[in-house]
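Beneath this line is the structure, given in structure tokens, with notes to follow.
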Amino acid sequence: MNAEFIEALNAIEKERGISKDILIDAFESALIAAYKRNYGAVGNVRATVDRDTGEVQIFASKTVVEEVENPYCELTLEQAKKVNVLYEVGDVLEEEVDPRKFGRIAAQTAKQVVVQRIREAERGVIFDEFVEKENEVLTAIVQRAEKSGIFVELGKTDGFMALTETIAGETYETSDRIKVYVLEVRKTNKGPQVMVSRTHPGLVKRLFELEVPEIQTGIVQIKSIAREAGFRTKVAVYSSDPQVDAVGACVGQKGIRVERIVNELHNEKIDIIEWDSDSAVYIAKSLSPARVMMVYINEAEKAAKVIVPDNQLSLAIGKEGQNVRLAAKLTGWKIDIKSQSQAEQDMDITEADQLAQVEPIEE
């Protein structure tokens with residue numbers, strides 16, 4: 001029986017990923033709870049289970065007294081001296097208890113304790129597993145949509161995507177498989193709660209890492225991402241190898257790599273831009289697909305004035321200012337765009353700006 005018990009613990013450890021020591025600790029706690037349930041919550045009780053043989057022992061502490069009032073926590077001096085003649089009144093000794101004498105209710109109590117401890121251990125294992133997946137991308141299966149957000153299945157546990165983390169206009173049907181970004185893993189009374197997102201810029205970053213081997217090896221680096229989920233994303237990339245085109249690597253042959261990411265994001269537009277250490281050049285490229293004539297930068301204010309051809313002004317600004325807004329987020333610079341004719345009329349370039357003037361930039 002003891003051997004079968006150890007084999008059962010080994011099987012649970014393997015199937016559920018719970019340490020055998022945790023399982024044995026749970027069983028020991030259950031034996032103590034069963035004893036107290038059977039005899040009343042009196043005295044100190046200790047239970048031990050041999051890790052190798054499965055042998056179970058329960059010991060109850062009893063006080064040596066002249067007259068016994070409660071046999072479950074007291075014994076007479078005469079009884080004590082049968083164990084050891086050196087015992088005196090007031091001493092405490094441990095007496096082994098036979099667990100087979102526990103009643104049905106005590107056994108049920110033990111079972112409840114074991115089940116509860118195993119459940120807690122499983123939650124701990126799941127929490128530890130998913131904490132390591134924070135800031136990673138996982139494949140989720142949509143379970144249901146509610147007013148508060150979307151509930152998804154993530155394998156061993158469930159995830160929750162708040163409405164603020166869903167892409168505007170995107171629908172989520174039961175059983176749909178979607179890629180999600182793990183924002184945070186929280187401990188709750190009902191187990192770990194995994195908070196996920198479809199709008200976080202990290203989702204785009206991780207998708208590129210999955211699709212582009214050059215990013216995985218470190219040859220190509222993602223320097224910055226600016227995103228307005230569901231509409232447009234700008235990604236600045238850089239190659240540490242002059243022989244490797246960072247933008248080309250991310251686009252892939254015939255655009256296959258970026259196309260997979262766009263499809264996953266339900267046709268969200270993605271601009272892939274080559275990062276440059278020269279701020280003026282970088283700012284000009286960040287306004288792609290618009291063509292830039294000239295960039296004036298003010299380092300002190302981290303602000304830039306950009307001049308574009310008259311027919312490129314609306315393209316540079318973008319619908320409702322989206323293109324220039326994303327460019328500013330991507331580069332970290334304040335960007336003021338003017339057409340060539342506006343710039344000629346205003347002539348408001350300051351001396352500090354002129355010092356940083358660059359040659360006309362064309363893509």
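Summary table
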| read-out | value |
| --- | --- |
| Among the residues listed as 47, 3, the single one being outside any loop (DSSP other than H, G, I, E, B), touching a Phe, Trp or Tyr at 6+ places or on another chain (Cβ under 9 Å), in contact (Cβ under 8 Å) with a residue 12 or more places away in the chain and under 30 Å from residue 125 (Cβ atoms) | 47 |
| Those residues of the stretch 73-105 which are of a type in the set (Val, Ile, Thr), modelled with pLDDT of 85 or more and in contact with a Lys or Arg (Cβ under 8 Å, 6 or more places away or on another chain), in sequence order | 92 |
| Some residue of the stretch 219-240 being part of a helix (DSSP H, G or I), outside the structural domain of residue 322 (by TED's automatic domain parsing) and in contact (Cβ under 8 Å) with a residue 24 or more places away in the chain | no |
| Residues of the stretch 164-180 that turn out to be surrounded by 12 or more Cβ atoms within 10 Å (Cβ to Cβ) and either acidic (Asp, Glu) or under 15 Å from residue 143 (Cα atoms) (or both), as a count | 8 |
| Any hit, the stretch 263-276, residues being farther than 21 Å from residue 323 by Cα and touching a residue at least 60 places away in the same chain (Cβ under 8 Å) | yes |
| Criterion: buried (at least 19 other Cβ atoms within 10 Å of the Cβ), of a type outside the set (Val, Ile, Thr) and touching a residue at least 60 places away in the same chain (Cβ under 8 Å) - qualifying residue of 37, 16 | 37 |
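Matching residues to (1) small (Gly, Ala, Ser); (2) in contact (Cβ under 8 Å) with a residue 24 or more places away in the chain:
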| position | (1), (2) |
| --- | --- |
| 175 | yes, yes |
| 180 | no, yes |
| 184 | no, yes |
| 188 | no, no |
| 192 | no, yes |
| 198 | no, yes |
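The values are calculated or read from the model by the stated rules, or taken from the named source; none is laboratory data. Everything quoted here is computed from the prediction, not taken from an experiment. Heads up, the Cβs are rebuilt from the backbone with ideal geometry, glycines too, and the neighbour counts pull from every protein chain shown.
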